[in-house]
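Down below is the structure, laid out as structure tokens.
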Amino acid sequence: MLLINAYTPLLLRICLVALFPFSGLDKIINWDAAKKQAGSLPFKPAMLVAAVAVEFVTPVCIVTGWHDRLAAAVLAGFCVVTAVLFHRFWRFPDFWRFREGKGLQHFWEFLKNFGLVGGLGLIVLAPRTLPVSEALMQPLASTHVIGAQAGSTAEPVR
């Protein structure tokens, strides 16, 4: 159980950020397609270089725990910007008819980005990683999201 407690948080962090280096590599390999996808954004090459840097550096920081909170905050911001700039599902008429098409595809991509924001936000805000053994011993325990803050003496809202 000691090994599981020690390595599960690392494995979960790897799972959370694994797609970003591949996305950065895709931008490098398919540079022209990435510039085309950037559309009318100003300073496309500089923006793409910055995106690649974020996609390569922040996952390493998050996985190793080196300035992981700052890296997670930067990567979460990157996901928000990406969702809003590149997954504008509301602009596709087919989305509003709730039919399969580009609008629905962008809707799911938009939501996936915000799912990543949630996971990254937990790295920013979580005071500690719960040992797997503790989670297994109390599988129905709650985390008291509202009311109880780390270091606070306030009772959780019930």
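Remark: pairs (first residue in region 103-131, hydrophobic (A, V, I, L, M, F, W, C); second residue surrounded by 14 or more Cβ atoms within 10 Å (Cβ to Cβ) and not in a helix (DSSP H, G or I); Cβ separation under 6 Å; 6+ apart in sequence or on different chains) = PHE110/HIS87.
Only residues that are free of Cβ contacts under 8 Å to residues at least 12 places away in the same chain and closer than 26 Å to VAL124 by Cβ were counted in region 1-20, giving 6.
When you look at THR58, is it among the polar types (S, T, N, Q) and surrounded by fewer than 18 Cβ atoms within 10 Å (Cβ to Cβ), yes or no? Judged against the criteria, THR58 is not a match.
In the set (1) free of Cβ contacts under 8 Å to residues at least 24 places away in the same chain; (2) under 21 Å from LEU125 (Cβ atoms), TRP96 fails one condition alone, (2).
Among the residues here, VAL52 qualifies as farther than 30 Å from LEU130 by Cβ, assigned to a helix (DSSP H, G or I), in contact with a Lys or Arg (Cβ under 6 Å, 6 or more places away or on another chain) and in contact (Cβ under 8 Å) with a residue 24 or more places away in the chain.
Restricting attention to region 76-125, the residues that are part of a loop (DSSP other than H, G, I, E, B), surrounded by 14 or more Cβ atoms within 10 Å (Cβ to Cβ) and out of contact with any Asp or Glu (no Cβ under 6 Å at 6 or more places or on another chain) total 2. Here ALA34 fulfils each of the conditions (1) under 25 Å from ILE123 (Cα atoms); (2) aliphatic (A, V, I, L, M); (3) touching an Asp or Glu at 6+ places or on another chain (Cβ under 9 Å) apart from (1). For region 21-32, check the following and say yes or no: at least one residue is farther than 17 Å from ARG128 by Cα, free of Cβ contacts under 8 Å to residues at least 12 places away in the same chain and assigned to a loop (DSSP other than H, G, I, E, B). Yes.
Coordinate-derived values only; no laboratory data. Just so it is clear, the model here is predicted, and its values are computed rather than measured. In this analysis, Cβ positions are derived from the backbone assuming ideal geometry, glycine residues included, and neighbour counts consider all displayed protein chains.
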